[in-house]
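> Please read through the structure below; I'll follow up with questions.
The values are calculated or read from the model by the stated rules, or taken from the named source; none is laboratory data. Here the structure is a predicted model, which means the values were calculated and not measured. Because the Cβ atoms are built from the backbone with ideal geometry, glycine has one as well, and the counts that use them run over all protein chains shown. With ligands, DNA and RNA removed, areas are computed over all heavy atoms of the protein, side chains included. Shrake-Rupley method; radii C 1.70, N 1.55, O 1.52, S 1.80 Å.
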Amino acid sequence: MQEYDVWVYPEQAQLGFDPAAGDLSGYNVEALDGSIGKIDAASNDVGSSYLIVDTGPWILGKKVMLPAGTVQRIDEADEKVWVNRTKDQIKAAPEYDESMRSDARYRDELGNYYGPQGRGFRDSNDA
């Protein structure tokens, strides 16, 4: 089984774009079953990359933090990012708290949720 790090973007060849090459802020985000919002901020920190997505009216204007490993594809021309999760998986994720963004326990909680054993995990073979 291939090792999976939820805080690392997939290889550039798989994504179609190098996230470190540009700012993803403002890009639309598509879940497996529809649009979830726009990227408010993106991190390219080695081993701890993530997206902060403003969900707008979809879940009452809340923001969600998606680890970089959830990114499936990036289309620079259309400014879209596809994630390998459903709307329900994202909606059920631990609540985003900006003050906790760098907190190790919070990141562990998110990592456990979105990682291989968490209920928010979806293997690319499941799509």
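> I'd like to check one number: the per residue accessible area of the chain, probe 1.4 Å, reported in Å² as a whole number. Before the final figure, lay out the partial values.
Working: 7010 Å² over 127 residues.
Accessible area per residue: 55 Å².
> Let me ask you something else. Only sites in a loop by DSSP and with at most 16 other Cβ atoms within 10 Å count here; which GluC sites (Glu not before Pro) in segment 73-113 make the cut?
Glu76, Glu79, Glu95
> In whole Hz, with x marking every Gly and Pro, tabulate ³J(HN,Hα) for segment 44-53 from phi via Karplus 6.51 cos²θ - 1.76 cosθ + 1.60, θ = phi - 60°.
Rounded to whole hertz, the list is 10, 5, 4, x, 8, 7, 7, 10, 9, 10.
> Modelling each spin label as a point 7 Å along the Cα-to-Cβ direction, I'd like the Asn28/Glu79 distance in nm, to one decimal.
Roughly 1.1 nm, to one decimal.
> Under a Cβ-only charge scheme (Lys and Arg +1, Asp and Glu -1), can you give me the dipole magnitude of segment 3-67 about the Cα centre, in debye to the nearest 20?
320 debye
> Starting from segment 31-63, pick out the trypsin sites (Lys or Arg not before Pro) whose DSSP state is loop and whose Cβ has at most 16 other Cβ atoms within 10 Å.
Numbers: sites: Lys38, Lys62, Lys63; in loops: Lys62.
For trypsin sites (Lys or Arg not before Pro) across segment 31-63 that sit outside H, G, I, E and B with at most 16 neighbouring Cβ atoms in 10 Å, the list reads Lys62.
> With springs only between Cα atoms under 10 Å apart, run a GNM on the chain and tell me which of Gly47, Gly115, Gly26 wobbles the most.
Evaluated over the chain, the most mobile residue of the options is Gly47.
> Can you give the FRET efficiency to the nearest 0.05 for Asp18 and Asn112, using r as the Cβ-Cβ distance and R₀ = 35 Å?
The calculated FRET efficiency here is 0.80.
> Going toward the positive end of the dipole of the chain, with +1 on Lys and Arg Cβ and -1 on Asp and Glu Cβ, which of Gly37, Pro67, Gly26 do you reach last?
Farthest along the dipole direction, towards plus: Gly37.
> I need the per residue convex hull volume for segment 1-123, using only the alpha carbons, in cubic angstrom as a whole number.
Spelled out: Cα convex hull of segment 1-123, divided by residues, is 100 Å³.
> Continuing with this model, one more query. Only four residue types carry charge here, +1 at the Cβ of Lys and Arg and -1 at the Cβ of Asp and Glu. Report the dipole size of the chain about the Cα centre in Debye, rounded to the nearest 20. Display every interim value, and only then the final one.
Working: 13 positive and 23 negative charges, 82 e Å.
With Lys and Arg at +1 and Asp and Glu at -1, about 400 debye.
> Restricting to DSSP loop positions (anything but H, G, I, E, B) with no more than 15 other Cβ atoms inside 10 Å of their own Cβ, which GluC sites (Glu not before Pro) remain in segment 1-67?
Glu3, Glu11
> Another one. What distance in nm separates the simple spin-label points at Asp54 and Met100, each placed 7 Å from Cα in the Cβ direction?
Spacing of the two 7 Å Cα→Cβ label points: 2.2 nm.
> Calculated from DSSP H runs of 4 or more alone, at -39500 (n - 2.57) each and per residue, what is the 222 nm mean residue ellipticity of the chain, nearest 500?
Taken over the chain, the calculation gives -4000 deg cm²/dmol.
> Moving to a separate point now. What is the distance in Å between the Cα centroid of segment 1-55 and that of segment 78-107?
10 Å
> Continuing with this model, one more query. Summing Lys, Arg as +1 and Asp, Glu as -1, what charge do residues with Cβ under 15 Å from the Cβ of Val46 carry, Val46 excluded?
With Lys, Arg at +1 and Asp, Glu at -1, the neighbours total -3.
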